[in-house]
2 protein chains.
Amino acid sequence: MLARYFPILDWGRRYDGDKLSSDMMAAIIVTIMLIPQSLAYALLAGLPPVVGLYASILPLVAYAVFGTSRTLAVGPVAVVSLMTASAAGAVAAQGSPEYLTAAITLAALSGVMLAILGLLRLGFLANLLSHPVISGFITASGLLIATSQLKHILGVKAGGDNWPDMLGNLARDLPDTNPWTLALGTGATLFLFWVRKGLKPLLVRFGLKPRAADMTAKAGPVVAVAVTILLVLGLDLAAKGVKLVGAVPEGLPPFALPSFDTGLIAQLWVPALLISVIGFVESVSVAQTLAAKRRQRISPDQELIGLGAANIASAISGGYPVTGGFARSVVNFDAGAQTPAAGAFTAVGIALASLFLTPLLFNLPIATLAATIIVAVLSLVDLKTPKRLWIYSRADLSAHVVTIGVTLVKGVETGVIAGVLVGLLLYLWRASRPHAAIVGRVPETQHFRNVDRHKVLTVPHVLSIRIDENLSYLNARWLEEYVLERVAERPELRHVILMCSAVNAIDASALESLEAINHRLGDGGIRLHLSEVKGPVMDRLERSHFLDELTGRVFLSQDRAFSELVIDDGSEPPVQAADWARGMI
Amino acid sequence: MLARYFPILDWGRRYDGDKLSSDMMAAIIVTIMLIPQSLAYALLAGLPPVVGLYASILPLVAYAVFGTSRTLAVGPVAVVSLMTASAAGAVAAQGSPEYLTAAITLAALSGVMLAILGLLRLGFLANLLSHPVISGFITASGLLIATSQLKHILGVKAGGDNWPDMLGNLARDLPDTNPWTLALGTGATLFLFWVRKGLKPLLVRFGLKPRAADMTAKAGPVVAVAVTILLVLGLDLAAKGVKLVGAVPEGLPPFALPSFDTGLIAQLWVPALLISVIGFVESVSVAQTLAAKRRQRISPDQELIGLGAANIASAISGGYPVTGGFARSVVNFDAGAQTPAAGAFTAVGIALASLFLTPLLFNLPIATLAATIIVAVLSLVDLKTPKRLWIYSRADLSAHVVTIGVTLVKGVETGVIAGVLVGLLLYLWRASRPHAAIVGRVPETQHFRNVDRHKVLTVPHVLSIRIDENLSYLNARWLEEYVLERVAERPELRHVILMCSAVNAIDASALESLEAINHRLGDGGIRLHLSEVKGPVMDRLERSHFLDELTGRVFLSQDRAFSELVIDDGSEPPVQAADWARGMI
């Protein structure tokens, strides 16, 4: 029981020297990769770069205690940083103490929300984000993030939360471009692109193993950081207007507290909820992918608690919202991390860096960080999905396109909400008009098939309807309309059979509709029968009065229902239609 | 085509003398019943009584042109009147010209919304209100309405939108009770209750036919109105503090315009939408019930247009939101109305009444109108539903109870919204954890059943999973977890078969999950197979890359899949398990 909420008690008990050395190795590699990334994402969130380091220490320790994934690496990520910038920017000006307080408060709110969702086992709410909506949101976020960093490459001020604002401001500020910044930023971007695409094949050709080549290529940003710092020093670029990171406070993260101002919380809770859900969805899909590779399991509800703890830890150490990141988790996995202890060791590495390395970062150009962000996020932009969805499902495509469009034009929060609403609306629309078919007997068999698709036998006084969907309040009204319309077209009708082989549940609203159908058909002298009702559905129907009031019968099989009812055609004496009913003639 | 949007062109062409006399007869009866009801509901809406008459003239004509029900009677109804009072009361004080403007604007907004929903064929949105939510809302509204009228019976001021406010105000104002008003109001209430419950059997015993007795009993309110007017005159109750209707302007409805103030519209559009949806749901269920009795049909999307036209007509003639009412429609139906022309004739009746009868209403006590409301709405309170739901479905019961509770404590608008959200949340919760079963072969048959419920055959290296639900984004994540957990428990596994006989659709998110499952199982050396995939689902899968990547095969029948895969148990040579697989041993 205790081990359920503290997974560390489980894996910690079997920790040994082998695992220690694997975890240490992975931690060193991840630390090197994380330092420039953390600085860059803090910049993207509109925060001082050191906040990115703070958010990469205590949260990792908290996740190591509460998380269930063995290899997930928690910390600042691109999309959540963008969402933080958008939410904090709505309540305070970038650079002000209030802005930092807003970011810390977002982490605290998001941590508390995630932990509560986990304790109440409400992780299923994340299901409201469909894959097309998520991928649309990620694509649009990647485009927004890359665009937002262009100002740093150009060395201008242009801000904005969405494409129309950003592009307008960029066009306005273009004449102010600083040529040195532009040269440095463009150079760093091209270098990092080449590292990503061209370096690995080159290293392999020089005899490195593919995995080692991959890891080396991941260190590209560190090289870009070092080289551009040297360029700044050598060419005295600071005097030429190239913006630098400047003084980064040395030392461990300070103890911080979120704001308990109810007015601020009222403004931030919706973005905090969206950050929580998006962060959780990103994190849990990474964790599941990695766990499956080693046949391990994660617990989504406990993951909520782990991420909640990580965000609370971030808030009390002056950080901002964090989640499990894709790139760093893959590096951690590939570098051989065995347990969450690797995350704790990474935290030690980052803590050492913030104690001793920060003076070296004084001369780091902002443009270099912007270049690492641009190169990292363009891999988020996914141009294959729209085509795939066009072929597979237009409804899903429309949810995808709406999410991209609204996110680009209106910003991240409105984008996520629009995506969820469109997805839900399409789902409800489909659920409210399910598939149903009028069926008839395939000659000389006991099978019944759609009359529109197969050559089957029917009679004018018996109508068999197969419903291919659970009956719920969403389609209860449809069911009434569908059945009554079919009946209104058939004046000779005496029996209606609802074939329930695909009905797994009937809720109270649908039960009322069935009662209404039974009653209305009864008024018109038509009897209602059911066939092939599943066990659990039948158990439940027996607890209601419906079966007492049913004008017809419940048949175990559609075959039996049709064979018996075909005889009663209203003539006296009834036709001896048994042979006909069996499809023998 | 034109007849679709103007149903009058359809029935009007076949209109004849028989129908004319039936419709005239029905119109006279409904007119007599409608006059006190219209005055009373306007009072409930916090409006001058004459507004109730205005709302019963032009809307009926508009519905006769655009509506599809032959017998629906449109006009002010109790629940919509309460909602109007709540919405208009939030923006202006009762009795002020702004309050009347708000009510007219609500009718206009609601009319436009209904018409747009109808033209866009979005009637399915009304499905979001499940039967338990609607019945909870109606019950709570009945209680709120009855409580709101107690002040008129006591002759005190006490107002309020919800139970805590109403009961607190009543307790506070109780000492101000006017004894004459109390006596009159109590007397009228008891008389109307007796008319409802005791008069009909008495009339039948005196030889009246049950239907005629019923119609006579429906005239009870008219008698109460007449008697209490005479009492007021005879005992000079006006001087004793009994509140009267007072001067009612004579004449036809004035031409009115809703407000086009965007601030007011911003405040009123949510309540207007709720009024539209609640009104539509009430109206369409009445219309469907009555249409089915005569084997007629209504078109829900055209009904939206009909009700929209009725509300716009109400707005431009100084009325407030209207819809199809249950009580008056049943009277109309029972009185033999054949076509919507009966509604138009009723409109003429009401117009004559507002031209000539209004002076007679000067001495009508408000308490009499309150008594008619109380007796009418207590029939809305439904105490059987909770018990029925307790037995049939606890989830539906919780939606019902939440709706009642929130409506009573927080008022009608919050109540409806809470009901919709709870219903949706429960639905999504259920949809996100569908039923699935591990199945095995029933010995010596081709049937496969749940291993937990039946004695069936399985083998350790083949796992057959039957999914009893459509695969969508709501359960895609569940599917991954479910399959991977089952697999993690079974180290000897080589084949997983997903039996898709109950799967009617697979959306893009679920397809991605299937791809992920296929990929992850493949990483662990397990092949994924599908069996019994339905035709339309297969057509769609063939448009994706999934089938190319599938590690296993697609089998037409589960029987075939199991029989073939059971042979490949990883031993060399494979076991000759054909007989075993068929369940013969």
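The values are calculated or read from the model by the stated rules, or taken from the named source; none is laboratory data. All of these numbers come straight from a predicted model, not from anything done at the bench. Note: ideal-geometry Cβ built from the backbone for every residue, glycine included; neighbour counts use all protein chains shown. Ligands, DNA and RNA are excluded from the accessible area calculation, which covers all protein heavy atoms including side chains. Shrake-Rupley method; radii C 1.70, N 1.55, O 1.52, S 1.80 Å.
Show me B:457-463, B:7-13 ranked by packing, highest mean number of other Cβ atoms within 10 Å first.
Averaged packing, sorted descending, gives the order B:457-463, B:7-13.
How many percent of all Cα-Cα pairs in segment A:317-463 sit more than 17 Å apart?
I get 81 percent for the Cα pairs in segment A:317-463 exceeding 17 Å.
Only bridges with both residues in the protein assembly as shown count here: give the DSSP antiparallel percent, nearest 5.
So the antiparallel bridges in the protein assembly as shown amount to around 45 percent.
So how far, in whole Å, is the C-alpha centre of segment B:105-170 from the one of segment A:139-153?
Computed from Cα coordinates, the inter-centre distance equals 48 Å.
Just tell me how shielded B:415-428 is by partners: mean number of partner chain Cβ atoms within 10 Å of each residue's Cβ, no decimals.
2
Tell me the trypsin sites (Lys or Arg not before Pro) within segment B:455-528 that lie in a loop according to DSSP and have at most 15 other beta-carbon atoms within 10 Å.
Filter output for segment B:455-528: B:Lys455.
Principal axis extents for segment A:436-581, Cα atoms only, whole Å, descending order, please.
39, 29, 26
With a 1.4 Å probe on protein heavy atoms only, work out how much accessible surface B and A bury together, total over both chains, in Å² to the nearest 100.
So the buried area, both faces added, is about 6400 Å².
Using the Cα centre as the reference, give the magnitude of the dipole from point charges on the C-beta atoms of segment B:436-581 (Lys, Arg: +1; Asp, Glu: -1; all else neutral), rounded to the nearest 20 debye.
Dipole of segment B:436-581, to the nearest 20 debye: 340 debye.
Peptide A:500-507: average number of partner chain Cβ atoms within 10 Å per residue? Numbers along the way, then the final one.
Numbers: counts 0, 2, 7, 2, 7, 7, 2, 12.
Taking the mean over all residues of the peptide, I get 5.
Order A:349-357, A:51-59 from most to least packed using the mean count of other Cβ atoms within 10 Å.
The peptides rank, most packed first, as A:51-59, A:349-357.
Can you pull out the trypsin sites (Lys or Arg not before Pro) in segment B:294-402 that DSSP calls coil and that have at most 10 other Cβ atoms within 10 Å?
Within segment B:294-402, no trypsin sites (Lys or Arg not before Pro) qualify (loop, at most 10 other Cβ atoms within 10 Å).
Projecting each Cα onto the charge dipole of the protein assembly as shown (Lys/Arg +1, Asp/Glu -1 at the beta carbon, about the Cα centre), which of B:Ser56, B:Ala78, B:Leu125 comes out farthest on the positive side?
B:Leu125
So what's Rg/Rh here for segment B:43-122, counting alpha carbon atoms and using the Kirkwood radius for Rh?
Result for segment B:43-122 is an Rg/Rh of 1.00.
Under a 5 Å amide H to amide H cut-off, with H placed in plane at 1.01 Å, what residues pair with A:Ser464 once short-range neighbours are removed?
Result for A:Ser464 returns A:Val439, A:Ile497.
For chain B, just run the numbers: alpha carbon Rg, then divide by 2.2 N^0.38 Å, N being how many residues it has.
1.26
With θ set to phi - 60° and the Karplus curve 6.51 cos²θ - 1.76 cosθ + 1.60, what are the ³J(HN,Hα) couplings of segment A:222-231 in order, to the nearest whole Hz, using x for Gly and Pro?
For segment A:222-231, the Karplus curve yields 4, 4, 4, 4, 4, 5, 5, 4, 4, 4 Hz.
Which of the chymotrypsin sites (Phe, Trp or Tyr not before Pro) found in segment A:251-289 are loop residues per DSSP with 16 or fewer other Cβ atoms within 10 Å of their Cβ?
Filter output for segment A:251-289: A:Phe255, A:Phe260.
Once R0 is set to 56 Å, what does the formula 1/(1 + (r/R0)^6) return for the Cβ-Cβ distance between B:Phe362 and B:Arg394, expressed as a FRET efficiency to the nearest 0.05?
0.55
Once the Cα atoms of the protein assembly as shown are picked out, what are the Rg and Dmax in Å?
Answer for the protein assembly as shown, Rg first and Dmax second: 35.4, 115 Å.
FRET efficiency for B:Trp269 and A:Met25, Cβ-Cβ distance as r, R0 = 51 Å, nearest 0.05?
0.25
Where a ≥ b ≥ c are the square roots of the eigenvalues of the C-alpha gyration tensor, would you call segment A:177-302 rounded, which needs a/c under 1.5, or, failing that, prolate if a/b is larger than b/c, or oblate?
Judged from the Cα gyration tensor, segment A:177-302 comes out oblate (a/c at least 1.5, b/c at or above a/b).
What spacing in nm lies between the two simple spin-label points modelled at B:Val204 and A:Arg211, each 7 Å away from Cα in the Cβ direction?
8.7
Among B:Ile517, B:Phe333, B:Val416, pick out the residue whose Cα is farthest towards the positive end of the charge dipole of chain B, where Lys and Arg carry +1 and Asp and Glu carry -1 on C-beta, about the Cα centre.
Result: B:Phe333.
With respect to the axis carrying A onto B, what is the closest chain A residue by Cβ position, and how many angstrom separate it from the axis?
A:Ala502, 3
What accessible area per residue, rounded to a whole number of Å², is obtained for chain A using a probe radius of 1.4 Å?
In whole numbers, chain A has 41 Å² accessible per residue.
What FRET efficiency comes out for the pair A:Lys240/A:Asp165, r = Cβ-Cβ distance, R0 = 25 Å, nearest 0.05? Before the final figure, lay out each step's value.
On the way: r = 29 Å, r/R0 = 1.16.
Given R0 = 25 Å and the Cβ-Cβ separation, E is 0.30.
Cα-based Rg of segment A:277-373 per 2.2 N^0.38 Å, rounded to two decimals?
Ratio of Cα Rg to 2.2 N^0.38 Å: 1.24.
Using the alpha carbon gyration tensor of segment A:94-155, what are the three equivalent-ellipsoid semi-axes (square root of 5 times each eigenvalue), largest first, in whole Å?
Equivalent ellipsoid of segment A:94-155: 29, 22, 5 Å, largest first.
Quantify how strongly other chains surround peptide B:127-137 by giving the mean number of their Cβ atoms within 10 Å of each of its Cβ atoms.
5
Explain nothing, just compute: Karplus ³J(HN,Hα) = 6.51 cos²θ - 1.76 cosθ + 1.60, θ = phi - 60°, for every residue of segment A:50-67 in order, whole Hz, x for Gly and Pro.
5, 4, x, 5, 4, 6, 10, 10, 4, x, 5, 5, 4, 5, 4, 7, 9, x
So how do A:538-544, A:207-213, B:478-484 stack up, highest first, on mean other-Cβ count within 10 Å?
Descending mean neighbour count gives B:478-484, A:538-544, A:207-213.
Which entries of B:Lys157/B:Lys384; A:Lys157/A:Lys240; B:Lys218/B:Lys293; B:Lys218/B:Lys387; A:Lys151/A:Lys218 show an alpha-carbon separation above 23 angstrom in the structure shown?
Numbers: B:Lys157/B:Lys384 34 Å; A:Lys157/A:Lys240 17 Å; B:Lys218/B:Lys293 21 Å; B:Lys218/B:Lys387 30 Å; A:Lys151/A:Lys218 25 Å.
Violating the 23 Å Cα-Cα cut-off are B:Lys157/B:Lys384; B:Lys218/B:Lys387; A:Lys151/A:Lys218.
If you roll a 1.4 angstrom probe over the protein chains with everything in place, what fraction of the accessible area of chain B belongs to carbon and sulfur, to the nearest %?
The value for chain B is 64 percent carbon and sulfur by accessible area.
Could you let me know the centre-to-centre spacing of segment B:305-348 and segment B:1-56, using Cα atoms, in angstrom?
When both Cα centres are located, 4 Å separates them.
Only bridges whose two residues both fall in chain A count here: according to DSSP, what percent of them are antiparallel, nearest 5?
On the way: 12 of 25 bridges.
Roughly 50 percent of the DSSP beta bridges within chain A come out antiparallel.
Go through segment A:382-387 residue by residue and turn each phi into a ³J(HN,Hα) via Karplus (6.51, -1.76, 1.60, θ = phi - 60°); whole Hz please, and just put x for glycine and proline.
Using θ = phi - 60°, the values come out as 10, 9, 7, 4, x, 5 Hz.
Could you work out how far apart the two model spin labels at B:Leu352 and A:Glu250 are, taking each label as a point 7 Å from the Cα in the direction of the beta carbon, and quote it in nm?
10.1
Run the label-point distances for A:Arg211 please: 7 Å along Cα to Cβ, every other copy, nanometres, shortest first.
Shortest to longest, the spacings are 8.7 nm.
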